[in-house]
Amino acid sequence: MITLLPIIFLGFFLGMRHATDPDHVVAVATIVSRQRSLKHAWLIGLFWGVGHTLTIFLVGAAIILFSLVIPPRVGLTMELSVGLMLIILGILNLTGIMSWINQNLRLAPSREGILHSHPHSHGGLVHTHSHVHLSPDEHPTATSVCRDHDPVAPPRGPFGRALGHLGLYQVLRPLAVGVVHGLAGSAAVALLVLTTIRNPYWAVAYLMVFGGGTIAGMMLITAAIAVPFVYSGQRFARLNRSLAMASGLLSLGFGLFIAYQIGFVNGLFTGNPQWTPR
């Protein structure tokens, strides 16, 4: 156990490094390219990491515990899914469909009106809420404008409020992209663990710690990538549009490169597929 513990903790830092893989960085750069909030950016990184960890853990644990063998064509197909995902993200970004979806699929749609805020109390706790008046004469009651919680429940924390302002698409998109990326890398991670840790239960524990490191690393990366987009979006609209277009082109180009590598160089579209998990 003494020798295994350092390996398990090393898995956390290897998971953080895994988050910096080029295909991961390109994907999240495309996703956060139209973000205007660093808070929302790290939430996107969190959802990406959760989706990635979920697939890594489920598929990796199945390989470790049941000695599953993935055929080359299946493995190449899983890796091809990453290229297709990057192509789709790039097209959505370049065509403006991504912005339209963000505006129309929201968890907490906003209403037009006059923005106003004042303190009020719920459950004995006094706090301030910004709310909207549909007309200058309208002044709704505190309970009718408090969207963060009901009149009985205590106020939601910062995470709940930030989540409420994210669009539904902005939640599901990084989660789905993370799942696809985890599917492509699960076999390589599981086989690497098996060569180092012989005990299957310790190996599964390693996958969980590795996933935690990936989540932490991706949250840091998305926040860092979002900085120029947030800054330019607030001050330089033309520069911001150029950065968003550049991220879309990068995602599209890198996705096409991965698809070509998997399909023709590694032989997925030919009769002799060659696959080495990596």
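The values are calculated or read from the model by the stated rules, or taken from the named source; none is laboratory data. Because the structure is predicted, anything quoted here is derived from the model rather than measured. As a convention, Cβ positions derive from the backbone with ideal geometry for all residues, glycine included, and neighbour counts pool all protein chains shown. To get the accessible areas, we keep the full protein, side chains included, count just its heavy atoms, and leave off ligands, DNA and RNA. Shrake-Rupley method; radii C 1.70, N 1.55, O 1.52, S 1.80 Å.
Okay, here's what the table says:
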{"quantity": "Count of segment 27-62 residues which are farther than 25 Å from Met208 by Cβ and among the polar types (S, T, N, Q)", "calculated": "4"}
{"quantity": "Selected residue [of a type outside the set (Ser, Thr, Tyr) and over 22 Å from Gly51 (Cα atoms)] from Ala223, Ala246, Ala184", "calculated": "Ala246"}
{"quantity": "Single condition Ile44 does not satisfy, out of (1) in a helix (DSSP H, G or I); (2) open to solvent by 10 Å² or more (accessible area, probe 1.4 Å); (3) of a type in the set (A, V, I, L, M); (4) modelled with pLDDT under 95", "calculated": "(2)"}
{"quantity": "Qualifying residue in segment 208-223 (condition: surrounded by fewer than 17 Cβ atoms within 10 Å (Cβ to Cβ), out of contact with any strand residue (DSSP E or B) (no Cβ under 7 Å at 6 or more places or on another chain) and modelled with pLDDT of 90 or more)", "calculated": "yes"}
{"quantity": "Residues of segment 173-203 classified as touching a Phe, Trp or Tyr at 6+ places or on another chain (Cβ under 8 Å) and among the hydrophobic types (A, V, I, L, M, F, W, C), total", "calculated": "5"}
{"quantity": "Within segment 8-67, considering residues that are in contact (Cβ under 8 Å) with a residue 12 or more places away in the chain and among the polar types (S, T, N, Q), the one nearest to Leu252 (Cα to Cα)", "calculated": "Thr30"}
{"quantity": "Inter-residue pairs, beta-carbon under 9 Å, first under 21 Å from Val32 (Cα atoms) and β-branched (Val, Ile, Thr) and in segment 203-219, second open to solvent by less than 10 Å² (accessible area, probe 1.4 Å) and not in a helix (DSSP H, G or I), 6+ apart", "calculated": "Thr214/Ala19; Ile215/Ala19"}
{"quantity": "In segment 186-201, residue farthest from Ala223 (Cα to Cα) [restricted to those that are assigned to a helix (DSSP H, G or I), open to solvent by 10 Å² or more (accessible area, probe 1.4 Å) and touching a helix residue (DSSP H, G or I) at 6+ places or on another chain (Cβ under 8 Å)]", "calculated": "Pro200"}
{"quantity": "Subset tally (residues that are out of contact with any helix residue (DSSP H, G or I) (no Cβ under 6 Å at 6 or more places or on another chain), open to solvent by 30 Å² or more (accessible area, probe 1.4 Å) and over 12 Å from Val180 (Cβ atoms)) for segment 47-84", "calculated": "9"}
{"quantity": "Residue identified as in contact with a Leu (Cβ under 6 Å, 6 or more places away or on another chain) and polar (S, T, N, Q) among Ser247, Ser232, Ser242", "calculated": "Ser232"}
{"quantity": "Residue tally, condition touching a Ser or Thr at 6+ places or on another chain (Cβ under 8 Å) and either among the aromatic types (Phe, Trp, Tyr) or closer than 13 Å to Met208 by Cβ (or both), over segment 1-26", "calculated": "1"}
{"quantity": "Residue count, segment 241-276 (criterion: in a loop (DSSP other than H, G, I, E, B) and in contact with an Asp or Glu (Cβ under 9 Å, 6 or more places away or on another chain))", "calculated": "3"}
